[in-house]
Amino acid sequence: MSDIVEGLGTAVEGGLFSRVLDPESGAKERHEGDPENCLNCGTRLEGAYCHACGQSGHVHRTIGAFMHDLVHGALHFEGKMWRTLPMLAFKPGALTRRYIEGERARFVSPMALFLFSVFLMFAVFQMVGLTTPTDVGGPNVDEVIDQVDAQTVSERDSVREALEAMAPDDPERATTQQRLDELEVTLDRIENVQALNLSENSGIHTGVDWLDNTLVKKWSENPGLMLYKLQANAYKFSWLLIPISIPFVWLLFFWRRRFKAYDHAIFVTYSLSFMTLLFVAASVLSASGMSRTAVFTTIATLAPLHLYKHLRHSYELSRFSALWRFLALSSFIWIVIALFVQALLLIGAF
């Protein structure tokens, strides 16, 4: 129950952050009783909003208005969202192109949508139980090896006694002998593992003192806490995916002067927003009883198809041009993920 409450709180928090970047367009006409001058900067009002600072001329002070703003702002229920989401799902290229070319007020801005989708993803993950484990430390390695060794010795002795009790012409004798030989081999391997003395020599040493004394030491001493911090940092620094991804998209178009870095930023941000929402939908479907195979098949089909269509129509490419760029971008994605994880690990070292 606490996970659900925490998840809802995270979703609301995400909505509030997205509102900061993408405030509501609101009414265009002045309300009756509005002041003549802006209450924020004193400029004379000529409409529902101050043309100098952008503040609404209508300042309400009722609890009902406050609750309306909370629902309207936190959960982002407005026309722009319902115009943006269908286009993001079915016509991502047209959405990206129209936003780049100037239709900014009609759609939710890419960054606002990305922030909302990220907060929503982690909120849903918390509600469905997709969180990092905290007890990854488990029992001591030597204790586990000793337990396996004791069990194997016990089984070997039992098999040996059974073999000695069998008649020379017993049809099961060959199978029992084979099992005894396998157990002897297993015991030899366990002895080799014990000789490594894993408890003392399992640490990773990079050769860089500050890295060994910070990041490596923290992961060795408390892997559960570090996994939790890794998840939290992924949530806080997910926006790093955008600047990391932009140079790789630029490599696909650097000789075409028509497309600027801004165009790539809009494309990347909208694409990341869709992929995030896709994982949200997949986690909900999985929690509702849909088989993992079906969920995986859905993601494996929709994600590349959407990326191809998004790439082709955003940059108005031919099928061949879109295909080779899609294949290259699919490879770049793994590099981006690796760089992002490395960045999170470095952040966790401090």
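Please treat every number below as a calculation from the coordinates, not as lab data. Quick caveat: nothing in here was measured; it's all calculated off a predicted structure. With ideal geometry, Cβ positions are generated from the backbone for all residues, glycine too; neighbour counts draw on all protein chains shown.
Summary of computed values
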item	result
Charge tally in the Cβ shell below 15 Å around Lys260, where Lys, Arg are +1 and Asp, Glu are -1, Lys260 excluded	+1
Net charge of neighbours whose Cβ lies under 10 Å from the Cβ of Arg106, counting Lys and Arg as +1 and Asp and Glu as -1	+3
Radius 10 Å from Cβ of His313, net charge of other residues (Lys, Arg +1; Asp, Glu -1)	+3
Long-range HN-HN contacts of Thr43 with modeled amide H, under 5 Å	Cys38
